[in-house]
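**Q** Let me begin by handing over the structure; questions about it come next.
We did not get these values from a lab; they are worked out from the coordinates using the rules stated. Source: prediction; values computed, not measured. Positions of Cβ are backbone-derived with ideal geometry, glycine not excepted, and every protein chain shown enters the neighbour counts.
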Amino acid sequence: MRGWLLRAGLVLTASLAGCGQNPRSDWERQQEGKLPVEETAPLPPYPRGADLVEFYVAATSEFRFFVDAASLSVGADGVVRYVLVARSGAGAENVSFEGMRCNTGEVRVYAVGQQGRWGGKPGDWRAIQPRSVQRWHNALYREYFCPQKAPIASAREGADALRRGGHPLGREFGSHDRGR
């Protein structure tokens with residue numbers, strides 16, 4: 001019986017020793033270099049009122065939404081990055097630095113702002129839900145930054161879309177149904 005326990009202990013020890021090496025699967029080795037790699041996103045300067053451009057979300061929204069045009073960028077990784085400001089009618093303000101993947105319809109919060117400073121840890125990528133409470137992500141995705149699920153070509157293109165009330169390609173394909 002003792003010999004059996006000793007052998008079982010040795011087998012367990014050997015198998016656990018292999019776990020620490022974290023070997024990659026064949027699939028992981030085949031996919032190496034094919035998977036998208038996200039650029040690091042340095043935090044932008046805190047938004048200034050003069051750079052905020054308001055955009056339409058919904059007539060029933062209790063908040064007004066703005067993007068800091070000075071923070072808008074499009075990375076080589078295809079991620080549109082921007083600072084979002086949401087203001088309530090009572091004057092409360094939520095500020096976040098976010099990224100949007102147009103090809104997959106996902107959004108990520110990199111940092112939140114409070115009293116002129118950035119804080120928090122980057123969140124995970126999550127799907128943009130068309131009928132969620134957070135309609136502003138869907139509006140930015142469909143009407144401003146990702147017309148036809150492709151990222152805008154430049155920050156200037158995104159800022160122009162915000163100032164005009166939508167991207168021309170978004171309007172062309174019927175995403176601007178606001179009851180006007």
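**Q** Can you tell me which residue is farthest from ARG117 (Cα to Cα) among those in the stretch 40-68 that are of a type in the set (Ser, Thr, Tyr) and in contact with a Gly (Cβ under 8 Å, 6 or more places away or on another chain)?
**A** That would be TYR56.
**Q** Still on this model: Can you tell me how many residues in the stretch 75-84 are touching a Pro at 6+ places or on another chain (Cβ under 7 Å) and closer than 18 Å to ILE128 by Cα?
**A** 3
**Q** Identify the residue in the stretch 47-65 that is of a type in the set (Gly, Ala, Ser) and touching a residue at least 40 places away in the same chain (Cβ under 8 Å) and, among all such residues, is nearest to ALA90 (Cα to Cα).
**A** Per the criteria, the residue is SER61.
**Q** Something else: List the residue pairs whose Cβ atoms are under 6 Å apart, where the first residue sits in the stretch 138-166 and is within 15 Å of PHE65 (Cα to Cα), the second is among the acidic types (Asp, Glu), and the two are 6 or more positions apart or on different chains.
**A** Going by the 6 Å Cβ cut-off, the qualifying pairs are GLY166/GLU143.
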